[in-house]
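Have a look at the structure below before the remarks.
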Amino acid sequence: MINMPPMGLGTFRLKGEPLLATLTNGLELGYRHIDTAQIYDNEAEVGTVLTRSTVARHEIYLTTKVWTSEFGPGKVIPSLEVSLEKLGTDYLDLALIHWPSPKDEVPMAVYLEQLAEAKAQGLTREIGVSNFTVAQLKQAIEILGPSAIAHQQIEVHPLLQNRKVVEFCKAHCIAVTAYMPLAYGKVLSEPLLMEIGQRHGVSAAQVSLAWLLAQDMAVIPSSTKRENLAANLAALKVTLTAEEMAAIAALDRGERCANPDFAPDWD
Ligand SMILES: NC(=O)c1ccc[n+]([C@@H]2O[C@H](COP(=O)([O-])OP(=O)(O)OC[C@H]3O[C@@H](n4cnc5c(N)ncnc54)[C@H](OP(=O)(O)O)[C@@H]3O)[C@@H](O)[C@H]2O)c1
């Protein structure tokens, strides 16, 4: 059993050859944290790679996310059992609620209590949420108690710093995973990040990841290219100065990449 490694492999949009390349290169390079989701429709392919890999299951931190269609009474646990079967394992490291129920169609207590029961039954070591606002996090804590929600996965990068939610999570000992940590490529051409990168001999992408890691967030960039996967892993060794951290903090433009029509009223 392991804690969440700070650098993970995102798998959104990836299937077939690009997914295989990502996972095999990633595992070879030393990634030990994989982020998937029921809605990505790639859990079975992830499972095939993991089953064939020489890396043992207990060395990998595996996250999946329960889709909103699986929130109703009696649905969360069977959906996680299907995920486990596809992933070829008998436990998850982390099961997340992918998005809060759109328009509260399913009351939060209904799906969160099932998620807690999944943990009690040993289907997952930890549970958490994703895309929850501060108000929703408060409600979740009221439902499950102060230490049940171990993680929240949200979009954070220099162009969307999501400070209110990040600070609330920190104050309540909820670990934050930054998804789309490269703003799906938008950070790559950001002049300040490029300039800071030049000083350190690294890319703007690596600066973005180093900035998130320095704030104790885990990051899950996705890449189909071995050289980018290696570069992202090398961001773990980049140390930014206090001045550089502060300069990047001033870049926040509230530029959100993931904003579907069923998203909550963001903070
Ligand atoms: N919880 C949620 O609701 C949610 C929502 C969205 C995403 N996520 C998770 O977060 C993960 C990451 O998000 P994302 O994949 O959408 O966006 P991202 O990681 O911010 O950006 C991925 C893009 O950046 C490129 N890239 C990666 N490393 C690079 C590098 N070192 N230099 C230059 N380009 C680089 C990739 O291209 P190449 O393939 O060419 O390298 C790809 O086009 C997802 O895969 C998923 O697991 C979760």
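Computed from the coordinates by the stated procedures, all read-outs in this text should not be read as laboratory data. What you are looking at is a predicted structure, and each value in this text was computed from that prediction instead of being measured. We place every Cβ from the backbone using ideal geometry, glycine too, and count neighbours over all the protein chains shown.
Points to keep in mind about this one:
- Candidate set from region 175-188 (those that are in contact with a helix residue (DSSP H, G or I) (Cβ under 7 Å, 6 or more places away or on another chain) and not in a strand (DSSP E or B)); member that is nearest to the ligand (Cβ to nearest atom): Leu182
- Pair list, Cβ < 8 Å and 6+ apart or interchain, from region 174-187 residues that are farther than 21 Å from Leu137 by Cα to residues that are assigned to a loop (DSSP other than H, G, I, E, B) and more than 8 Å from the ligand (Cβ to nearest atom): Pro181/Val156; Ala183/Pro158; Ala183/Leu159; Ala183/Glu255; Lys186/Leu159; Lys186/Glu255; Val187/Pro158; Val187/Leu159
- Among residues of region 44-85, those that are crowded, with 21+ Cβ neighbours inside 10 Å, in a helix (DSSP H, G or I) and of a type in the set (D, E, K, R), counted: 1
- Residues within region 188-217 that are farther than 17 Å from Pro6 by Cβ and in contact (Cβ under 8 Å) with a residue 60 or more places away in the chain, tallied: 1
Every residue, every condition in (1) in contact (Cβ under 8 Å) with a residue 24 or more places away in the chain; (2) away from the ligand (no atom under 16 Å from the Cβ); (3) within 14 Å of Leu23 (Cβ to Cβ); (4) not polar (S, T, N, Q), yes or no:
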site	(1), (2), (3), (4)
Glu45	yes, no, yes, yes
Leu62	yes, no, yes, yes
Glu70	yes, no, no, yes
Pro107	no, yes, no, yes
Glu113	yes, yes, no, yes
Gln121	yes, yes, no, no
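- Enumeration of residues in region 212-243 that are in a loop (DSSP other than H, G, I, E, B) and polar (S, T, N, Q): Gln215, Ser222, Ser223, Thr224, Thr239, Thr241
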